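Student: Can you keep this structure in mind? I'll have questions shortly.
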Amino acid sequence: MLLLRRFCPYILGTITVFGFLIILAAPVLIWPLLVFLSLLIAAAVFLLNDLRFSASFFHNLITPLFLFLSGFAFNLFLESQIIKIVAAALIGFLIFLYTEHLFYHGYLEKRYQEGALENLCFYFTVLSVFLFSASLFGFYIFLHAPKPLLLAIIAALTLILNYQLFRIMKVNFWESWPYNLVLTLTVFEFFYVLMLLPTAFVVSGAMLTILYYFTAGLLRYHFSHELDARMVKRYALIGGLIFFLVAVTARWT
(Lines give C-alpha, C1' and ligand atoms only; values in the text may rest on other atoms or scores of the structure.)
Protein backbone atom coordinates (compact mmCIF):
# COMPACT_ATOMS: atom_id res chain seq x y z
CA MET A 1 0.00 0.00 0.00
CA LEU A 2 2.88 2.36 0.77
CA LEU A 3 4.29 1.74 -2.72
CA LEU A 4 0.92 2.61 -4.26
CA ARG A 5 0.76 5.80 -2.20
CA ARG A 6 4.29 6.68 -3.31
CA PHE A 7 3.39 6.51 -6.99
CA CYS A 8 -0.10 7.94 -6.53
CA PRO A 9 0.93 11.57 -7.32
CA TYR A 10 2.68 10.48 -10.53
CA ILE A 11 -0.30 8.39 -11.66
CA LEU A 12 -2.79 11.13 -10.81
CA GLY A 13 -0.82 13.88 -12.56
CA THR A 14 -0.32 11.78 -15.69
CA ILE A 15 -3.95 10.68 -15.96
CA THR A 16 -5.10 14.27 -15.41
CA VAL A 17 -3.01 15.49 -18.34
CA PHE A 18 -4.20 12.67 -20.60
CA GLY A 19 -7.78 13.32 -19.50
CA PHE A 20 -7.48 16.93 -20.66
CA LEU A 21 -5.97 15.79 -23.98
CA ILE A 22 -8.76 13.26 -24.56
CA ILE A 23 -11.31 16.01 -23.96
CA LEU A 24 -9.57 18.17 -26.56
CA ALA A 25 -9.64 15.30 -29.07
CA ALA A 26 -13.16 14.08 -28.24
CA PRO A 27 -15.32 16.86 -26.72
CA VAL A 28 -18.28 14.46 -26.58
CA LEU A 29 -16.55 12.79 -23.60
CA ILE A 30 -16.27 16.03 -21.66
CA TRP A 31 -18.81 15.26 -18.92
CA PRO A 32 -17.88 11.60 -18.27
CA LEU A 33 -14.21 12.55 -18.06
CA LEU A 34 -14.95 15.52 -15.82
CA VAL A 35 -16.73 13.23 -13.35
CA PHE A 36 -14.10 10.50 -13.66
CA LEU A 37 -11.14 12.83 -13.06
CA SER A 38 -12.88 14.53 -10.13
CA LEU A 39 -13.52 11.13 -8.53
CA LEU A 40 -9.95 10.09 -9.27
CA ILE A 41 -8.60 13.14 -7.43
CA ALA A 42 -10.90 12.35 -4.50
CA ALA A 43 -9.71 8.72 -4.51
CA ALA A 44 -6.05 9.79 -4.54
CA VAL A 45 -6.55 12.14 -1.58
CA PHE A 46 -8.52 9.39 0.21
CA LEU A 47 -5.60 6.99 -0.34
CA LEU A 48 -3.11 9.53 1.00
CA ASN A 49 -5.39 10.09 4.00
CA ASP A 50 -5.00 6.51 5.26
CA LEU A 51 -8.28 5.47 3.59
CA ARG A 52 -10.30 7.51 6.09
CA PHE A 53 -13.25 9.83 5.44
CA SER A 54 -12.16 12.31 8.08
CA ALA A 55 -12.21 16.11 8.20
CA SER A 56 -8.62 16.17 6.93
CA PHE A 57 -9.72 14.26 3.80
CA PHE A 58 -12.22 16.95 2.83
CA HIS A 59 -9.80 19.73 3.75
CA ASN A 60 -7.00 18.24 1.66
CA LEU A 61 -9.39 17.63 -1.24
CA ILE A 62 -10.45 21.25 -1.71
CA THR A 63 -7.19 22.57 -3.18
CA PRO A 64 -6.51 19.95 -5.91
CA LEU A 65 -10.18 19.50 -6.82
CA PHE A 66 -10.83 23.22 -7.20
CA LEU A 67 -7.57 23.65 -9.12
CA PHE A 68 -8.64 20.93 -11.55
CA LEU A 69 -12.21 22.24 -11.96
CA SER A 70 -11.07 25.83 -12.44
CA GLY A 71 -8.44 24.75 -14.98
CA PHE A 72 -11.05 22.67 -16.77
CA ALA A 73 -13.48 25.60 -16.97
CA PHE A 74 -10.76 28.01 -18.11
CA ASN A 75 -9.64 25.62 -20.84
CA LEU A 76 -13.10 25.85 -22.41
CA PHE A 77 -12.44 29.46 -23.43
CA LEU A 78 -8.94 29.05 -24.83
CA GLU A 79 -8.70 29.15 -28.61
CA SER A 80 -5.19 27.89 -29.36
CA GLN A 81 -4.76 24.12 -29.16
CA ILE A 82 -1.13 24.58 -28.14
CA ILE A 83 -2.10 26.82 -25.22
CA LYS A 84 -4.76 24.29 -24.20
CA ILE A 85 -2.16 21.51 -24.15
CA VAL A 86 0.26 23.65 -22.14
CA ALA A 87 -2.51 24.55 -19.68
CA ALA A 88 -3.44 20.87 -19.32
CA ALA A 89 0.18 19.91 -18.64
CA LEU A 90 0.50 22.71 -16.09
CA ILE A 91 -2.66 21.70 -14.19
CA GLY A 92 -1.54 18.06 -14.17
CA PHE A 93 1.90 19.02 -12.86
CA LEU A 94 0.50 21.25 -10.12
CA ILE A 95 -1.86 18.51 -8.94
CA PHE A 96 1.10 16.13 -8.90
CA LEU A 97 3.10 18.66 -6.90
CA TYR A 98 0.37 19.09 -4.30
CA THR A 99 -0.28 15.36 -3.81
CA GLU A 100 3.47 14.70 -3.73
CA HIS A 101 3.85 17.06 -0.77
CA LEU A 102 0.74 15.53 0.76
CA PHE A 103 2.54 12.18 0.63
CA TYR A 104 5.70 13.67 2.16
CA HIS A 105 3.67 15.26 4.94
CA GLY A 106 1.93 12.03 5.87
CA TYR A 107 4.48 9.31 5.12
CA LEU A 108 7.94 10.77 4.53
CA GLU A 109 8.36 13.59 7.01
CA LYS A 110 12.13 13.70 6.56
CA ARG A 111 11.64 15.01 3.03
CA TYR A 112 8.79 17.35 3.93
CA GLN A 113 9.75 20.99 4.26
CA GLU A 114 7.89 22.80 7.01
CA GLY A 115 5.26 25.14 5.59
CA ALA A 116 5.39 23.64 2.08
CA LEU A 117 1.70 22.67 1.99
CA GLU A 118 0.74 26.08 3.34
CA ASN A 119 2.69 27.84 0.58
CA LEU A 120 1.32 25.56 -2.13
CA CYS A 121 -2.22 25.98 -0.86
CA PHE A 122 -1.88 29.77 -0.86
CA TYR A 123 -0.52 30.07 -4.40
CA PHE A 124 -2.83 27.38 -5.79
CA THR A 125 -5.78 29.17 -4.20
CA VAL A 126 -4.76 32.42 -5.90
CA LEU A 127 -4.41 30.54 -9.19
CA SER A 128 -7.83 28.91 -8.71
CA VAL A 129 -9.38 32.33 -8.07
CA PHE A 130 -7.93 33.56 -11.37
CA LEU A 131 -9.04 30.51 -13.36
CA PHE A 132 -12.51 30.41 -11.83
CA SER A 133 -13.17 34.15 -12.07
CA ALA A 134 -11.87 34.39 -15.66
CA SER A 135 -14.06 31.41 -16.59
CA LEU A 136 -17.14 33.00 -15.01
CA PHE A 137 -16.44 36.23 -16.89
CA GLY A 138 -16.17 34.08 -20.01
CA PHE A 139 -19.57 32.53 -19.34
CA TYR A 140 -20.99 36.03 -18.87
CA ILE A 141 -19.42 37.55 -21.99
CA PHE A 142 -19.79 34.68 -24.46
CA LEU A 143 -22.77 32.71 -23.16
CA HIS A 144 -24.66 35.56 -21.44
CA ALA A 145 -25.04 33.63 -18.21
CA PRO A 146 -27.27 35.45 -15.69
CA LYS A 147 -25.52 37.81 -13.31
CA PRO A 148 -27.18 36.54 -10.10
CA LEU A 149 -26.05 32.98 -10.83
CA LEU A 150 -22.45 34.00 -11.51
CA LEU A 151 -22.35 36.22 -8.43
CA ALA A 152 -23.67 33.37 -6.28
CA ILE A 153 -21.05 30.99 -7.72
CA ILE A 154 -18.11 33.35 -7.19
CA ALA A 155 -19.26 34.05 -3.62
CA ALA A 156 -19.59 30.34 -2.79
CA LEU A 157 -16.24 29.45 -4.39
CA THR A 158 -14.43 32.28 -2.62
CA LEU A 159 -15.98 31.34 0.71
CA ILE A 160 -14.79 27.72 0.39
CA LEU A 161 -11.32 28.61 -0.86
CA ASN A 162 -10.89 31.15 1.95
CA TYR A 163 -11.97 28.54 4.49
CA GLN A 164 -9.32 26.14 3.21
CA LEU A 165 -6.71 28.89 3.16
CA PHE A 166 -7.33 29.89 6.78
CA ARG A 167 -7.44 26.26 7.86
CA ILE A 168 -4.06 25.47 6.31
CA MET A 169 -2.70 28.57 8.07
CA LYS A 170 -3.91 26.97 11.32
CA VAL A 171 -6.31 29.82 12.10
CA ASN A 172 -9.24 28.93 14.33
CA PHE A 173 -12.56 28.92 12.48
CA TRP A 174 -14.23 31.33 14.92
CA GLU A 175 -11.31 33.71 14.58
CA SER A 176 -11.14 33.50 10.79
CA TRP A 177 -14.80 33.64 9.76
CA PRO A 178 -15.16 37.48 9.97
CA TYR A 179 -12.09 37.84 7.74
CA ASN A 180 -13.44 35.18 5.41
CA LEU A 181 -16.74 37.00 5.15
CA VAL A 182 -15.14 40.39 4.48
CA LEU A 183 -12.77 38.93 1.87
CA THR A 184 -15.64 37.12 0.17
CA LEU A 185 -17.76 40.27 0.08
CA THR A 186 -14.82 42.23 -1.34
CA VAL A 187 -14.37 39.71 -4.14
CA PHE A 188 -18.15 39.63 -4.71
CA GLU A 189 -18.42 43.40 -5.07
CA PHE A 190 -15.33 43.74 -7.26
CA PHE A 191 -16.55 40.89 -9.46
CA TYR A 192 -19.83 42.75 -9.96
CA VAL A 193 -18.01 45.98 -10.87
CA LEU A 194 -15.80 44.17 -13.40
CA MET A 195 -18.88 42.67 -15.04
CA LEU A 196 -19.88 46.21 -15.98
CA LEU A 197 -16.55 47.02 -17.63
CA PRO A 198 -15.84 46.29 -21.32
CA THR A 199 -12.77 44.12 -20.77
CA ALA A 200 -11.73 40.66 -21.94
CA PHE A 201 -12.51 37.77 -19.59
CA VAL A 202 -8.81 37.12 -18.92
CA VAL A 203 -8.18 40.77 -18.04
CA SER A 204 -11.14 40.88 -15.65
CA GLY A 205 -9.96 37.65 -14.01
CA ALA A 206 -6.44 39.04 -13.65
CA MET A 207 -7.70 42.26 -12.03
CA LEU A 208 -9.81 40.34 -9.53
CA THR A 209 -6.92 38.01 -8.74
CA ILE A 210 -4.54 40.90 -8.06
CA LEU A 211 -7.00 42.26 -5.49
CA TYR A 212 -7.41 38.81 -3.94
CA TYR A 213 -3.65 38.20 -3.81
CA PHE A 214 -3.06 41.57 -2.17
CA THR A 215 -5.77 41.07 0.48
CA ALA A 216 -5.15 37.38 1.20
CA GLY A 217 -1.40 37.97 1.32
CA LEU A 218 -1.76 40.66 3.97
CA LEU A 219 -4.10 38.44 6.00
CA ARG A 220 -1.54 35.65 5.79
CA TYR A 221 1.13 37.87 7.31
CA HIS A 222 -1.37 39.19 9.84
CA PHE A 223 -2.14 35.73 11.22
CA SER A 224 1.55 34.81 11.26
CA HIS A 225 2.24 38.00 13.28
CA GLU A 226 4.65 39.30 10.63
CA LEU A 227 2.53 42.15 9.27
CA ASP A 228 4.00 45.64 9.53
CA ALA A 229 3.84 48.94 7.68
CA ARG A 230 6.72 47.98 5.40
CA MET A 231 4.91 44.83 4.32
CA VAL A 232 1.70 46.75 3.59
CA LYS A 233 3.59 49.31 1.49
CA ARG A 234 5.38 46.58 -0.44
CA TYR A 235 2.17 44.72 -1.24
CA ALA A 236 0.38 47.95 -2.14
CA LEU A 237 3.22 49.04 -4.44
CA ILE A 238 3.59 45.69 -6.20
CA GLY A 239 -0.15 45.04 -6.42
CA GLY A 240 -0.89 48.59 -7.59
CA LEU A 241 1.84 48.47 -10.22
CA ILE A 242 0.68 45.12 -11.64
CA PHE A 243 -2.94 46.28 -11.61
CA PHE A 244 -1.96 49.47 -13.47
CA LEU A 245 0.03 47.53 -16.08
CA VAL A 246 -2.86 45.13 -16.66
CA ALA A 247 -5.32 48.03 -16.98
CA VAL A 248 -3.28 50.13 -19.41
CA THR A 249 -2.24 47.22 -21.64
CA ALA A 250 -5.72 45.64 -21.79
CA ARG A 251 -7.93 45.92 -24.83
CA TRP A 252 -11.07 47.84 -23.86
CA THR A 253 -14.03 47.18 -26.13
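The values are calculated or read from the model by the stated rules, or taken from the named source; none is laboratory data. A quick note: this is a predicted structure, and the numbers were derived from the prediction, not measured. Because the Cβ atoms are built from the backbone with ideal geometry, glycine has one as well, and the counts that use them run over all protein chains shown.
Student: Among the helices (runs of 4 or more DSSP H) confined wholly to the stretch 151-253, which include 3 or more residues that are touching a residue at least 40 places away in the same chain (Cβ under 8 Å) and over 25 Å from Leu120 (Cβ atoms)?
Tutor: Answer list for the stretch 151-253: 173-195, 201-223.
Student: While we're on this one: Out of the residues in the stretch 53-62 that are surrounded by fewer than 17 Cβ atoms within 10 Å (Cβ to Cβ) and out of contact with any Phe, Trp or Tyr (no Cβ under 8 Å at 6 or more places or on another chain), which is farthest from Leu165 (Cα to Cα)?
Tutor: Within the stretch 53-62, the match that is farthest from Leu165 (Cα to Cα) is Ser54.
Student: A follow-up question, please. Can you tell me which of Glu109, Glu100 is more than 30 Å from Ile141 (Cβ to Cβ), touching a residue at least 60 places away in the same chain (Cβ under 8 Å) and of a type in the set (Asp, Glu)?
Tutor: From the options Glu109, Glu100, the qualifying one is Glu100.
Student: Next up: Being surrounded by fewer than 17 Cβ atoms within 10 Å (Cβ to Cβ), assigned to a helix (DSSP H, G or I) and either under 15 Å from the mean Cα position of the chain (by Cα) or modelled with pLDDT under 95 (or both) narrows it down to one of Leu102, Leu65, Leu4, so name that one.
Tutor: After ruling out the rest, the residue left standing is Leu4.
Student: So, Ile153, is that one of a type in the set (A, V, I, L, M, F, W, C) and in contact with a His (Cβ under 8 Å, 6 or more places away or on another chain) or not?
Tutor: Against the criterion (of a type in the set (A, V, I, L, M, F, W, C) and in contact with a His (Cβ under 8 Å, 6 or more places away or on another chain)), Ile153 does not qualify.
Each row is one residue, and each column tells you yes or no for (1) among the β-branched types (Val, Ile, Thr); (2) within 20 Å of the chain's Cα centre (by Cα); (3) exposed (fewer than 14 other Cβ atoms within 10 Å of the Cβ).
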| position | (1), (2), (3) |
| --- | --- |
| Val171 | yes, yes, no |
| Thr186 | yes, yes, no |
| Leu218 | no, yes, no |
| Arg234 | no, no, yes |
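Student: Continuing with the same structure: Could you grab me the full set of residues in the stretch 131-154 that are of a type in the set (Phe, Trp, Tyr) and either crowded, with 21+ Cβ neighbours inside 10 Å or touching a Leu at 6+ places or on another chain (Cβ under 6 Å) (or both)?
Tutor: Correct list: Phe132, Phe137, Tyr140.
Student: Taking Gly239 as the residue in question, decide whether it is at pLDDT below 90 and under 20 Å from the mean Cα position of the chain (by Cα).
Tutor: Judged against the criteria, Gly239 is a match.
Student: Report yes if Val45 is without any contact (Cβ under 8 Å) to a residue 12 or more places away in the chain and out of contact with any strand residue (DSSP E or B) (no Cβ under 8 Å at 6 or more places or on another chain), otherwise no.
Tutor: Here the answer is no, as Val45 does not meet what is asked.
Student: Given the conditions (1) modelled with pLDDT under 90; (2) of a type in the set (S, T, N, Q); (3) touching a helix residue (DSSP H, G or I) at 6+ places or on another chain (Cβ under 6 Å), which single one is not true for Thr209?
Tutor: If we test Thr209 against (1) modelled with pLDDT under 90; (2) of a type in the set (S, T, N, Q); (3) touching a helix residue (DSSP H, G or I) at 6+ places or on another chain (Cβ under 6 Å), just (1) comes out false.
Student: While we're on this one: What residue, of Ile41, Ile15, is assigned to a helix (DSSP H, G or I), under 17 Å from Leu161 (Cβ atoms) and modelled with pLDDT of 95 or more?
Tutor: When all the criteria are applied, what remains is Ile41.
Student: Confirm whether Phe96 is assigned to a helix (DSSP H, G or I) and among the aromatic types (Phe, Trp, Tyr).
Tutor: Spelling it out, Phe96 is indeed assigned to a helix (DSSP H, G or I) and among the aromatic types (Phe, Trp, Tyr).
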